[in-house]
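Engineer: Questions regarding the structure given below will be posed in turn.
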Amino acid sequence: MTRSTTAPAALLAAALLAAAPRGARAAAAQAPSPEKPAPSLTATPPHGGDTKCVGCHTTEGWGDVKFIHERTGFPLTGKHAGVACKQCHPAGFDVPVGRGCTACHRDVHGGFSGMHCVSCHDTNGWKSRFNADAHRRTNFPLQGKHAVIPCESCHGDRRDRAFARPTVECRGCHEADLARASASGIPHDGFPSSCLACHSFWRWKPAGFSGHNTCFPITSGNHAGIACMRCHVTLPIPLVIGGCNALPWPACTRCHPCSSVQGEHNGVSGFSCTNLDQKCYQCHPSGIGGDGGGNRRMR
Amino acid sequence: MSPLAIVLAALACAGTSAAAAAPVLAAAPTTAPGAPAVAPAPARTVEGRVAYATATTAYLDAGAREGIVPGLEVRLTRGGTPAGLCRVTEVGDHTAACTGQGLRAGERFAVQTAIAPAAIAAQLAALPGEEEQARRLAAVQATPLAMVEAPAKAREVFIPQLPILQGDLGYAVWVASEGGNGYQRLQLDLSVNGLDVVGGFKLFADARFMQWTQKGPAIQGSSTQLLVYDLELAQRDPGRSWTAAVGRVMPRVVPGASVFDGAQAGARIGPAEVGAFGGLIPNAYTTEPSTSSWTGGVYARLEQPIGRTLLIGGARVAAVQDAGIGRHYEGQLTLQYWAGAAVGVSGEIQVGGGDLVAPGHIDFGRLYLTTRPVDPLFIGAGFSYWGLDVPQDLVVTTWPGPSRRGDATVGVDVTRWLTLQAVGGFVDDLYSGLSHQYLSPEALFPKVLDGLMVGYQKDLGWFGGQAAWAQVNWRPGEATQLFGRLSWFQTTDGGNVENDVGLTATGTVGLNRWLALRFSVLVRAGIDGGQASAPFGTASQVFLVGSY
């Protein structure tokens, strides 16, 4: 929707100006300052090249630049939208500019964190948008309580803000907790290095061992929820998940002494109070009376 | 005809024929005393289309000459059906920009304006006869041209700059339902970004003060801590042939150098800068000055356009004495290359030796690639390796362990409102033998508020599990940014299954040009049944940010 208005408008303006008061005409006549030589009509713009003025400028003034930067494949979002053109294009728009962050920005991480800044930062500011959720793409996803502790709890380099740490087994940080557990009567020395087989990310107690069900159900039935040391005099070392050969045998007779079960096993072949802990398990591997030689639940 | 010519023509007319102007004056519309005022111009319809559109701005092919004015509300249609609304913010002669949501090029509009060119023309004087016009044209053409700087109307052009001074004062809390009282601290961040001092030297500073009001065992040292990352006087004016910095220097253009208390000096030779640096390395945890760690060496940097592409290279050769690695001699090389939006490659490698030697003397190396081979498709990939096995205190670790990691992203801009991408990666810890792999499809809807993303991640390796999330960015105003994310995490390590949900909300609210409020709230909760109580925790902080 264009129309030619230049010629009539020029003539109209000329006529109106001709009729303007003397003062205005005098001011117009003095417009080219004698101290300041008039610039050349053929002067090239300061940014060089074969530029098309209307691609960036409007008739509102030269300072009012409107360039659709998305066309370059580098949209100016966030803080970038407020930066003066010359800060990124000091030598002109024809000189290529690096698209990586480090082409313009200093690396405050001393090179430790690589050159892929957008993993943690965005153009809205240097305050990191990296949080516990983003940590899931590292070698130590933050689940449970790990998500709500300060970064400094694990990352010690505050000089170069490297956020570096080798991924270590749980005891790399929880050695003291391990010692405390052993001192409280639950020896953990032979346990697997991954605490997660029994403990959650939120708390040490209550602990659960879902692998135990393979040998003896403790998440349901009569034996659900009882503490480890109620049955185990000592915990098997090494702990082999699914091995079903815990030695010494769990002490069934602590709750089921011979005196209380002997009467119920009258006539049961092979029943003996000798090595009763082992015999209990051999006949009742699920902890239920009916799965052995008898027909009643263990009490 | 340019405005210049118009002015000159007017001057010529005024100077040569006052009589000729008289008829114009006489014909000019006048309103006699007591006569009724001229009736306002009737409304008319201006039609046009959206020539180009970004996420929030549409560029219209009609402007002030057609009657478009700032503040005008423009209803857009697509195929005859309503397609949205935008409000005009800027107006040119025949163009205008308006802001709104969901704008697309090609959409049409029709607005009522109160300006009717025909009505205006009817009030103007009739043009003079052809003879007179020819005479005036001849006068214009005979007049020598000279550029006139028209006295432009004063107009404030606000070009935001990075703040010279910035301070963030706030309070942060980390607390969980299980065990301990958590962590709490008062925090003040101060930064000075190039305050002119003397002789072209500028002051740069970056520091953090922390007062722990509640401190768990994982935070070593005093409850009151001051960390000084940067405190230097530096001259790095791009127009000068030399650079210098002294103080606690955060070395620019020196790849891989740590912060040091000392000096850096360089000379610019064409597109290159070469120089030397040296000083004492502060304590990594407290940033206190230290005399037991130091570094010194030389560096070079090259920034060389090659046609329409750009190559940036950097190199450093240095000796380092620091806790953990002992005496270390190292050389680092970085290269970055961009060929427009099509290809970007960056890589770096450091070789070294001394008290601690990495396999093959390769301390570390990294490589990143981004490319858009065809317009809707983009690919990014990276690989990094760290070879040094630095013995260290595992409570306060300051070095990474030997590891390999890689990641790749493949995405397609399906439409202007949908981007699909897949992210995959792995991390191999060569110290503990633990490895983690992940694969994650994501869908981004850039037109929903200011970006809605939904994603899923499958985890393999020592940390098995899965996660899913939905997150949204929203900028309800120019100075307000909000972000929200709802997540679900599941871990299946060791046979136990553990489920958490998480909620993250962050935002910045501009109070005025100098002050803003920044907040962040992260909440996590366990959702597995059968527990005595559902565990939960939060990491939250609120800051008042001042900048000048």
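Engineer: Run B:A468 past the list (1) within 8 Å of another protein chain (Cβ to nearest Cβ); (2) open to solvent by 20 Å² or more (accessible area, probe 1.4 Å) and report the number of the one that doesn't hold.
Structural biologist: Failed condition: (1).
Engineer: Would you call A:S153 within 27 Å of B:F209 (Cα to Cα) and open to solvent by 50 Å² or more (accessible area, probe 1.4 Å)?
Structural biologist: It is false that A:S153 is within 27 Å of B:F209 (Cα to Cα) and open to solvent by 50 Å² or more (accessible area, probe 1.4 Å).
Engineer: Is it the case that B:E478 is closer than 30 Å to B:T54 by Cα, within 25 Å of the chain's Cα centre (by Cα) and open to solvent by 60 Å² or more (accessible area, probe 1.4 Å)?
Structural biologist: Criteria met by B:E478.
Conditions tested, residue by residue: (1) closer than 21 Å to A:T59 by Cβ; (2) open to solvent by less than 60 Å² (accessible area, probe 1.4 Å); (3) hydrophobic (A, V, I, L, M, F, W, C); (4) out of contact with any Leu (no Cβ under 6 Å at 6 or more places or on another chain).
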site: B:Y52; (1), (2), (3), (4): yes, yes, no, yes
site: B:A62; (1), (2), (3), (4): yes, yes, yes, yes
site: B:G71; (1), (2), (3), (4): yes, yes, no, yes
site: B:V88; (1), (2), (3), (4): yes, yes, yes, no
site: B:G102; (1), (2), (3), (4): no, yes, no, yes
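Engineer: Would it be correct to say that B:V390 is surrounded by 15 or more Cβ atoms within 10 Å (Cβ to Cβ), more than 13 Å from chain A (Cβ to nearest Cβ) and aliphatic (A, V, I, L, M)?
Structural biologist: Answer is no for this residue.
Engineer: Has region B:273-283 got at least one residue that is surrounded by fewer than 22 Cβ atoms within 10 Å (Cβ to Cβ) and modelled with pLDDT under 95?
Structural biologist: Yes, region B:273-283 contains at least one residue that is surrounded by fewer than 22 Cβ atoms within 10 Å (Cβ to Cβ) and modelled with pLDDT under 95.
Engineer: Might you let me know whether region B:286-293 holds any residue that is within 27 Å of B:D407 (Cβ to Cβ), open to solvent by less than 30 Å² (accessible area, probe 1.4 Å) and not aliphatic (A, V, I, L, M)?
Structural biologist: No, every residue in region B:286-293 fails to be within 27 Å of B:D407 (Cβ to Cβ), open to solvent by less than 30 Å² (accessible area, probe 1.4 Å) and not aliphatic (A, V, I, L, M).
Engineer: Please work out which residue is nearest to B:L103 (Cα to Cα), limiting yourself to region B:450-467 and to residues that are in contact with a His (Cβ under 8 Å, 6 or more places away or on another chain) and in a strand (DSSP E or B).
Structural biologist: B:D459
Engineer: Only one of A:S128, A:S119, A:S194, A:S184 is open to solvent by 50 Å² or more (accessible area, probe 1.4 Å), farther than 30 Å from B:R208 by Cα and of a type in the set (S, T, Y); which?
Structural biologist: Every option except A:S184 fails the conditions.
Engineer: Check B:P359 against each of (1) more than 10 Å from every other protein chain (Cβ to nearest Cβ); (2) at pLDDT 95 or above; (3) touching a strand residue (DSSP E or B) at 6+ places or on another chain (Cβ under 9 Å) and name the one condition it does not meet.
Structural biologist: Of the numbered conditions (1) more than 10 Å from every other protein chain (Cβ to nearest Cβ); (2) at pLDDT 95 or above; (3) touching a strand residue (DSSP E or B) at 6+ places or on another chain (Cβ under 9 Å), the odd one out for B:P359 is (3).
Engineer: Return the residue satisfying two criteria in turn: it lies in region A:157-181 and is among the small types (G, A, S) and in contact with a His (Cβ under 8 Å, 6 or more places away or on another chain), and of such residues it is farthest from B:R208 (Cα to Cα).
Structural biologist: Filtering first and then ranking leaves A:A181.
Engineer: Being open to solvent by less than 30 Å² (accessible area, probe 1.4 Å) and either hydrophobic (A, V, I, L, M, F, W, C) or in contact (Cβ under 8 Å) with a residue 40 or more places away in the chain (or both) is the filter here; which residues of region B:370-387 pass it?
Structural biologist: B:W386
Engineer: Of the residues in region B:488-526, how many are open to solvent by 50 Å² or more (accessible area, probe 1.4 Å), facing another protein chain (nearest Cβ under 9 Å) and part of a strand (DSSP E or B)?
Structural biologist: The qualifying residues number 1.
Engineer: Next question. Return the pairs, sorted by first residue and then second, in which the second residue is open to solvent by 50 Å² or more (accessible area, probe 1.4 Å) and of a type outside the set (G, A, S), the first residue lies in region A:251-263 and is over 15 Å from A:I226 (Cβ atoms), the beta carbons are less than 6 Å apart, and the residues are 6+ apart or on different chains.
Structural biologist: Every condition considered, the pairs that remain are A:C258/A:C273.
Engineer: Got at least one residue in region B:388-404 being assigned to a strand (DSSP E or B) and either among the charged types (D, E, K, R) or more than 30 Å from B:D322 (Cβ to Cβ) (or both)?
Structural biologist: yes
Engineer: Is region B:295-308 home to any residue that is of a type in the set (S, T, N, Q), more than 14 Å from chain A (Cβ to nearest Cβ) and surrounded by fewer than 20 Cβ atoms within 10 Å (Cβ to Cβ)?
Structural biologist: no
Engineer: Ok, one more. Looking only at residues that are within 13 Å of chain A (Cβ to nearest Cβ) and open to solvent by 60 Å² or more (accessible area, probe 1.4 Å) in region B:111-120, which one is modelled with the highest pLDDT?
Structural biologist: B:A118
Engineer: Which residues, taken from region B:304-330, are in a strand (DSSP E or B) and in contact (Cβ under 8 Å) with a residue 60 or more places away in the chain?
Structural biologist: B:G314, B:A315, B:R316, B:A318, B:V320, B:D322, B:E330
Engineer: Further question: Which residue pairs have Cβ atoms closer than 9 Å, lie 6 or more positions apart in sequence or on different chains, and pair a first residue in region B:504-523 that is closer than 28 Å to B:A176 by Cα with a second residue that is of a type in the set (D, E)?
Structural biologist: Here the result reads B:T504/A:D133; B:R518/B:D168; B:L522/A:D133, each pair linking region B:504-523 to a residue that is of a type in the set (D, E).
Engineer: Okay, next question. Pull up region B:164-186, narrow it to residues that are among the hydroxyl-bearing types (S, T, Y) and at the interface with chain A (Cβ under 10 Å from one of its Cβ atoms), then point me to the one that is farthest from B:L226 (Cα to Cα).
Structural biologist: Filtering region B:164-186 for residues that are among the hydroxyl-bearing types (S, T, Y) and at the interface with chain A (Cβ under 10 Å from one of its Cβ atoms), the one farthest from B:L226 (Cα to Cα) comes out as B:S177.
Engineer: Here's something else I'd like to know. Tell me which residues, restricted to region A:207-233, are in contact with a Gly (Cβ under 8 Å, 6 or more places away or on another chain) and under 30 Å from A:A132 (Cβ atoms).
Structural biologist: Answer for region A:207-233, where residues must be in contact with a Gly (Cβ under 8 Å, 6 or more places away or on another chain) and under 30 Å from A:A132 (Cβ atoms): A:S210, A:G211, A:T219.
Engineer: Would you call A:P90 within 30 Å of B:Q471 (Cα to Cα), without any contact (Cβ under 8 Å) to a residue 40 or more places away in the chain and at the interface with chain B (Cβ under 9 Å from one of its Cβ atoms)?
Structural biologist: So A:P90 fails the test.
Engineer: Can you name every residue in region B:280-294 that is under 14 Å from B:R327 (Cα atoms) and under 33 Å from the mean Cα position of the chain (by Cα)?
Structural biologist: B:I281
Engineer: Within the bounds of region A:100-120, is there any residue that is more than 10 Å from every other protein chain (Cβ to nearest Cβ) and closer than 21 Å to B:S540 by Cβ?
Structural biologist: yes
Engineer: Restricting attention to region B:255-270, does a residue exist that is at pLDDT below 95, surrounded by fewer than 21 Cβ atoms within 10 Å (Cβ to Cβ) and within 11 Å of chain A (Cβ to nearest Cβ)?
Structural biologist: There is no residue in region B:255-270 that is at pLDDT below 95, surrounded by fewer than 21 Cβ atoms within 10 Å (Cβ to Cβ) and within 11 Å of chain A (Cβ to nearest Cβ).
Engineer: Taking region B:534-548 as the region of interest, how many residues are over 22 Å from B:Y171 (Cβ atoms) and either free of Cβ contacts under 8 Å to residues at least 12 places away in the same chain or at the interface with chain A (Cβ under 10 Å from one of its Cβ atoms) (or both)?
Structural biologist: Summing the residues that are over 22 Å from B:Y171 (Cβ atoms) and either free of Cβ contacts under 8 Å to residues at least 12 places away in the same chain or at the interface with chain A (Cβ under 10 Å from one of its Cβ atoms) (or both) in region B:534-548 gives 2.
The values are calculated or read from the model by the stated rules, or taken from the named source; none is laboratory data. Since this is a predicted model, take the numbers as computed values, not measurements. Every residue, glycine as well, gets a Cβ built from its backbone with ideal geometry; the counts of neighbours run over all protein chains shown. For accessibility, only protein heavy atoms count, side chains too; no ligands or nucleic acids. Shrake-Rupley method; radii C 1.70, N 1.55, O 1.52, S 1.80 Å.
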